[in-house]
Each structure stands twice: as C-alpha cells, then as structure tokens.
Amino acid sequence: MIYTVTCNPALDCAVRLDSLTPGVINFTRDSTLTPGGKGVNVSRVLTALGEPTTALGFVAGSNGCLLESALQGMGLATDFVHLERGQTRINVKLYGDTETQLNAPGAPVLPAAMDTLLERLGGLSADAVCLCGSPAPGMGTDAYARMLAAVDCPCTVVDTTGAALLASLGERPWLIKPNREELAALAGRDLPTLAEVTAAAESLMDKGAQNVLVSLGGEGALWCGGDGVRLYQPAPAGRVIGTVGAGDSTVAGFVAGWLRYGDARRALRLGVACGSATAFAEGLADAEGIAAVLDRLPEIVEM
Ligand SMILES: Nc1ncnc2c1ncn2[C@@H]1O[C@H](COP(=O)(O)OP(=O)(O)OP(=O)(O)O)[C@@H](O)[C@H]1O
Ligand SMILES: [Mg+2]
C-alpha cells in the first residue's frame with residue numbers, strides 16, 4: 001500500500017465562462033468541483049496505474065467530508081484526520097478570456113491533530129509514504145521532519161519547497177522531488193544546465209536526501225541516485241493542455257515503478273511518462289494516456 005499525506009487539501013472549483021466582468025453578475029457556462037492537493041493528486045495517478053493507495057492528511061467540516069467521498073468515488077481509500085474547526089478550503093479557478101485563480105489559506109492544524117496524524121503514520125505498514133505539498137497553517141516548518149521520524153518505511157518521499165524541505169533532510173528521506181525552480185531557489189542561483197542541476201541536487205544529498213529526482217518541465221527529469229547513478233530522461237513532445245499536477249504525476253509514476261521493478265531506470269521512465277501524460281491531458285493522466293506516452297518516450301541518457 002502506498003500512502004500519501006496532504007496537509008492542506010482543497011476542493012478545486014473550476015468555473016468556465018465567456019468573459020469575466022468584475023462588479024456585475026456573470027453567467028457561467030459550467031462548473032466542476034474536484035478534489036485537489038499534491039498528495040491527493042499522487043494518489044489519484046497511482047489509482048490510474050492500478051496501485052493500491054490511501055490518502056492521509058487533514059480535512060475539516062462538511063467540505064472535508066465531500067472531499068473524502070469524492071476520492072472514494074474515484075476508487076481510492078482515505079484515512080484523513082478530521083479537524084475540529086474550520087472547513088477544507090475551496091480554491092476557485094475562473095476560465096474566461098483570461099484565467100483567474102483564488103486560493104484560500106486552509107484550516108489551521110492544532111498540535112492535537114498533528115499528534116493524531118503522527119500516531120497514524122507510526123502504525124502504518126507501508127510500501128511507500130509520500131509527503132506532498134506545503135504544511136498547513138499552524139504546522140511549522142518541521143512538520144515533514146516529524147512525520148518522517150514517525151514513519152517506519154524505507155521508501156519515503158518528500159515533495160515540498162523551501163524551509164519545510166530543508167528541515168526534512170535531517171531525517172534522510174529516501175527521495176525528494178524538487179522541480180528546477182524549487183531547486184534553484186534552494187541553491188540561490190539559476191540552474192540552466194543539467195550539470196548545474198546535478199550539482200545542486202548533490203548538495204541536497206550532502207544534507208541528507210538519499211536520492212533526488214529533479215523534474216524539468218518540458219525537458220523531462222533527472223535522477224541522482226545515492227549510488228552515484230545519474231540518468232536523464234527527456235520528455236516526449238506533445239500538445240500541452242495543462243501542467244497542473246504534472247510533478248505530482250511524476251512522483252506517482254516513479255514510486256509505482258520503483259516498487260514494481262526495483263530499478264531507477266524503469267521507475268524514471270514511468271515517472272516521466274506519467275508527468276507528460278498529465279501535461280497532455282485535461283486534468284490528471286489516465287491509464288490509456290500513460291500507456292500511450294510510455295510507448296513513445298525518448299531513450300534515457302546516462303550522465
Ligand atoms: N511542456 C511539457 N511537455 C512534456 N512534458 C511535460 C511538460 N511540462 C511538464 N511535463 C512533464 O511533467 C513532469 C513534471 O513537470 P514539472 O517539472 O513542471 O513539475 P512541477 O513543477 O513539480 O509540477 P506540479 O508541482 O505543478 O505538479 C516533467 O518531468 C515532464 O515529464
Ligand atoms: Mg511540484
């Protein structure tokens with residue numbers, strides 16, 4: 001079982017309209033409400049890959065119940081800690097002649113709720129545990145370090161940014177998955193070449209990450225293994241529809257591939273296939289989309 005943790009999930013409300021005029025009543029064409037959040041995305045793509053997964057994290061109020069039942073309707077298990085106060089946030093995306101996004105802060109997580117999650121994590125018998133996205137308000141930057149310390153599983157993944165990522169490294173996560181911009185922010189410099197990306201990834205390995213997978217958007221992804229292996233998988237060309245959740249799809253594909261084959265090369269191929277299949281899809285990748293991209297993936301380059 002692959003567990004994912006999303007500290008601050010959301011109901012994503014997408015509204016389509018011809019054009020948006022502030023200050024008047026706008027009539028919309030349609031709207032949808034979809035469960036969102038990085039760990040939630042990872043679990044959804046794992047489900048498309050046929051991997052058993054359970055989504056953990058925090059939800060609140062009736063919105064939280066709706067989020068859970070929507071995920072269960074998609075065929076994945078959930079075991080969220082229910083916060084006593086607040087509501088799981090609703091993020092609104094308005095698609096008119098321009099795109100407008102309204103993101104809410106989310107319900108604060110109090111220490112007792114964090115203790116409940118840590119206890120739940122401590123009791124897991126997991127093949128992999130993926131900690132994804134930003135900590136929720138009130139959690140502190142050591143949230144992922146504390147979760148890693150609680151988990152007893154060799155395959156732990158952290159996909160977050162900045163201080164929360166740095167603070168997690170002392171607990172030796174098995175894998176971190178920064179994108180190029182996140183890695184550059186930590187390095188304090190631009191990383192225009194693969195050699196520079198590799199050097200920046202290696203400095204995070206010096207700080208404790210066992211392996212680093214850097215996603216490079218339309219350029220694919222780079223694997224830096226603790227055993228010294230360096231692999232670059234270019235992404236295939238294709239018509240990009242939306243890259244939201246592409247990196248989360250990469251995490252899902254890589255972890256599923258690693259557990260299936262125990263081989264970084266095949267895991268990297270499945271990771272990039274899932275990321276690109278999401279970029280080429282409306283929403284997250286499905287099984288057919290992933291299989292089609294896997295069929296036409298460029299060769300891996302050994303660095
Ligand atoms: N333009 C593109 N063409 C083909 N594949 C893409 C493109 N953009 C992204 N991808 C695929 O998605 C993967 C992840 O992309 P990216 O590096 O943008 O992740 P990210 O920034 O972490 O995304 P997010 O956090 O929004 O999920 C890439 O490794 C690649 O396989
Ligand atoms: Mg990302």
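The values are calculated or read from the model by the stated rules, or taken from the named source; none is laboratory data. Predicted, not measured: the structure shown is a model, and the values here were computed from it. So basically every Cβ, Gly included, is an ideal-geometry build from the backbone, and we count neighbours across all protein chains shown.
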note = Residues of region 141-183 being in contact with a Phe, Trp or Tyr (Cβ under 7 Å, 6 or more places away or on another chain) and within 11 Å of ligand 2 (Cβ to nearest atom), in sequence order, are 160
request  = Determine the pairs where a residue that is farther than 19 Å from residue 243 by Cβ, located within region 261-275, has a partner that is near ligand 1 (Cβ under 10 Å from one of its atoms) and part of a helix (DSSP H, G or I) with Cβ atoms under 6 Å apart, the partner being 6 or more residues away or on another chain.
outcome  = 267/254
note = Selection over region 9-24 where residues are in contact with a Gly (Cβ under 6 Å, 6 or more places away or on another chain) and more than 17 Å from residue 38 (Cα to Cα) yields a count of 3
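Results for (1) within 30 Å of residue 18 (Cβ to Cβ); (2) within 19 Å of the chain's Cα centre (by Cα), shown as yes or no for each residue.
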{"site": "72", "(1), (2)": "no, yes"}
{"site": "82", "(1), (2)": "no, no"}
{"site": "95", "(1), (2)": "yes, no"}
{"site": "122", "(1), (2)": "no, no"}
{"site": "127", "(1), (2)": "no, yes"}
{"site": "131", "(1), (2)": "no, yes"}
{"site": "134", "(1), (2)": "no, yes"}
{"site": "140", "(1), (2)": "no, no"}
ask   = Which of the residues spanning region 50-105 are closer than 15 Å to residue 37 by Cβ, in a strand (DSSP E or B), at pLDDT 95 or above and not aliphatic (A, V, I, L, M)?
value = 53, 54, 57, 58, 78, 89, 91
task = Go through 273, 209 for me and flag whichever is more than 25 Å from residue 48 (Cα to Cα), away from ligand 2 (no atom under 14 Å from the Cβ) and crowded, with 21+ Cβ neighbours inside 10 Å.
result = 209
ask   = Would it be correct to say that residue 114 is in a helix (DSSP H, G or I) and either closer than 19 Å to residue 38 by Cα or of a type in the set (Phe, Trp, Tyr) (or both)?
value = yes
key: Flag for residue 267 being more than 13 Å from residue 45 (Cα to Cα), more than 11 Å from ligand 1 (Cβ to nearest atom), within 18 Å of the chain's Cα centre (by Cα) and surrounded by 17 or more Cβ atoms within 10 Å (Cβ to Cβ)   = yes
ask   = Any idea which residue in region 227-254 is nearest to residue 198 (Cα to Cα), counting only those that are away from ligand 2 (no atom under 14 Å from the Cβ) and touching a strand residue (DSSP E or B) at 6+ places or on another chain (Cβ under 9 Å)?
value = 230
query = Residues 143, 128, 164: which one is in contact with a Ser or Thr (Cβ under 9 Å, 6 or more places away or on another chain), in contact (Cβ under 8 Å) with a residue 24 or more places away in the chain, farther than 20 Å from residue 63 by Cα and within 16 Å of ligand 1 (Cβ to nearest atom)?
reply = 164
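Being in contact (Cβ under 8 Å) with a residue 40 or more places away in the chain, in contact with a Cys (Cβ under 8 Å, 6 or more places away or on another chain), of a type in the set (Lys, Arg) and surrounded by fewer than 20 Cβ atoms within 10 Å (Cβ to Cβ) narrows it down to one of 296, 239, 230, so name that one.
On inspection, the qualifying residue turns out to be 230.
Using the structure shown, decide if residue 280 is within 11 Å of ligand 1 (Cβ to nearest atom), at pLDDT 95 or above and surrounded by fewer than 24 Cβ atoms within 10 Å (Cβ to Cβ). Before you say what the answer is, go through the steps one by one.
Values: within 11 Å of ligand 1 (Cβ to nearest atom): yes; at pLDDT 95 or above: yes; surrounded by fewer than 24 Cβ atoms within 10 Å (Cβ to Cβ): yes.
Against the criterion (within 11 Å of ligand 1 (Cβ to nearest atom), at pLDDT 95 or above and surrounded by fewer than 24 Cβ atoms within 10 Å (Cβ to Cβ)), residue 280 qualifies.
Scan 214, 251, 255 and give me the residue that is in a strand (DSSP E or B) and crowded, with 24+ Cβ neighbours inside 10 Å.
Values: 251 fails: in a strand (DSSP E or B); 255 fails: in a strand (DSSP E or B).
One residue alone meets the criteria, 214.
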